[in-house]
Structures are given as structure tokens and as C-alpha cells.
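Visitor: Got a structure here, written out as C-alpha cells. Questions coming.
The values are calculated or read from the model by the stated rules, or taken from the named source; none is laboratory data. All values derive from a computational prediction rather than experimental measurement. Because the Cβ atoms are built from the backbone with ideal geometry, glycine has one as well, and the counts that use them run over all protein chains shown.
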Amino acid sequence: MEKTSMKQLIESTALVTKTTQKQTEETVRAFIEELKLALCKGNAVTIQGFGTVKPVHRKARKGHNPSTGEAINIPEHDTVTFSVARTFKDLLNG
């Protein structure tokens, strides 16, 4: 599986939308900032036909280091989860 960089994403989006790469970069970066802002406020973000990104709080728990077997404490933390929309999942598996 190959990775697509932000630069590649901006270049291809600029071609599709027939805008400059500078305008496209500003738009993409603004979208990402708005997405992060919504998640930091505790809101889930649903993008129709793509999926839902939502913030999740994980409680502290005990775990172990798989290399040594040593018991460790995993502190509580916030993270995000992504659920793929059914239409997108069907497209991927189509």
C-alpha cells in the first residue's frame, strides 16, 4: 500500500477543482483546522458518504509490555475514532 502525501493530495485536488495549488492548500488546511476544532470541542464530525470521526476518552488501565511482559499503567487519554460510511465501505470492497 502506498501513502499519499499532503502535497500530492493538494496537487490532485487542485487539478480536479481547476484552482491553484495555493488556493487548494488554504482550503484543505482550513478544513483540517475546522475538523480539529470540532473534535476538540467534543463534537463528532460526519462526512456523508465517507464516514464519522469522533472524539473518545479512554480511561486509565493496566497493560503489559509485550517484549518484556512487564506490567505497565496506561494513563487516561483522549483520542479519535473513525467509522467508515457504508457506501464507502461497499466501494472499497466492491
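Visitor: Return the residues of the range 73-94 that are hydroxyl-bearing (Ser, Thr, Tyr) and either touching a Gly at 6+ places or on another chain (Cβ under 6 Å) or not in a strand (DSSP E or B) (or both); say none if nothing qualifies.
Guide: Restricting attention to the range 73-94, the residues satisfying the condition of being hydroxyl-bearing (Ser, Thr, Tyr) are 79, 81, 83, 87.
Result: SER83, THR87.
Visitor: Only one residue in LEU39, LEU35 is among the hydrophobic types (A, V, I, L, M, F, W, C), within 30 Å of HIS77 (Cβ to Cβ), in contact (Cβ under 8 Å) with a residue 40 or more places away in the chain and touching a strand residue (DSSP E or B) at 6+ places or on another chain (Cβ under 7 Å). Which one?
Guide: LEU39
Visitor: Collect the residues in the range 41-72 that are under 13 Å from the mean Cα position of the chain (by Cα) and not in a strand (DSSP E or B), keeping them in residue-number order.
Guide: ALA44, PHE50
Visitor: Something else about it: If we scan the range 16-26, do we find a residue that is surrounded by 10 or more Cβ atoms within 10 Å (Cβ to Cβ), in contact with a His (Cβ under 9 Å, 6 or more places away or on another chain) and either part of a loop (DSSP other than H, G, I, E, B) or at pLDDT 95 or above (or both)?
Guide: Pass one, the range 16-26, residues surrounded by 10 or more Cβ atoms within 10 Å (Cβ to Cβ): 17, 19-26.
The next check asks that each one be in contact with a His (Cβ under 9 Å, 6 or more places away or on another chain); those that pass are none.
No, there is no match, as no residue in the range 16-26 is surrounded by 10 or more Cβ atoms within 10 Å (Cβ to Cβ), in contact with a His (Cβ under 9 Å, 6 or more places away or on another chain) and either part of a loop (DSSP other than H, G, I, E, B) or at pLDDT 95 or above (or both).
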